[in-house]
Amino acid sequence: MTEEKKDEVLRFSLALATVDVELEHPETGKVEKYILKEMDGTARDHYLSFVGTRMAASDDQKSLQNFDGIQANLLHACIFRIDGDKQVRVPVGTIQKFPSRVLAALFDKAKEISGMDDEAEAEAKND
């Protein structure tokens with residue numbers, strides 16, 4: 001072990017990253033407040049297992065064969081509606097009704113704050 005590595009210290013906050021989200025209902029104009037939270041290890045593993053069941057191998061490559069609910073399933077682990085002092089998990093069925101542009105933006109942000117970029121996801125699948 002080199003002297004340089006011996007002195008290295010990794011320090012992290014164990015607080016989950018969060019992002020405030022506001023969604024406006026077009027019929028009423030009412031804005032509801034949500035919070036997007038970083039996944040913990042258990043939620044991350046559940047999501048990767050969910051995605052893994054939809055993978056098919058061909059010619060030594062894996063590819064996703066069924067995209068149904070991929071974004072909503074990840075968001076279900078990450079997005080909570082603010083109800084007074086409570087944070088209420090948003091059902092998958094409700095998430096699936098969000099416009100696709102909203103789903104895509106929330107999905108990308110949830111992946112980002114959870115360290116689930118494509119490289120991290122590929123590494124996790126190889127563990």
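Provide the net charge surrounding E24, with neighbours chosen by a C-beta distance below 15 Å and charges set as Lys +1, Arg +1, Asp -1, Glu -1. Residues near E24 contribute +1 overall.
Each residue of the range 42-47 is assigned a 3J(HN,Hα), and the resulting list reads 5, 5, 4, 5, 4, 5 Hz, derived from the Karplus form 6.51 cos²θ - 1.76 cosθ + 1.60 (θ = phi - 60°), x at Gly and Pro.
Our estimate of slack between D83 and E22, defined as 0.36 nm per intervening residue step minus the Cα-Cα distance, is 20.7 nm. Look at L106, L14 and count the other Cβ atoms within 10 Å of each Cβ; fewest to most, that gives L14, L106.
Hey, rough spin-label estimate for T94 and D108, points 7 angstrom out along Cα→Cβ, what's it come to in nanometres? Distance between label points: 2.5 nm.
Read-outs: derived from the displayed coordinates by stated rules, not from any lab. Because the structure is predicted, anything quoted here is derived from the model rather than measured. Glycine also receives a Cβ, built like all others from the backbone with ideal geometry; neighbour counts cover every protein chain displayed.
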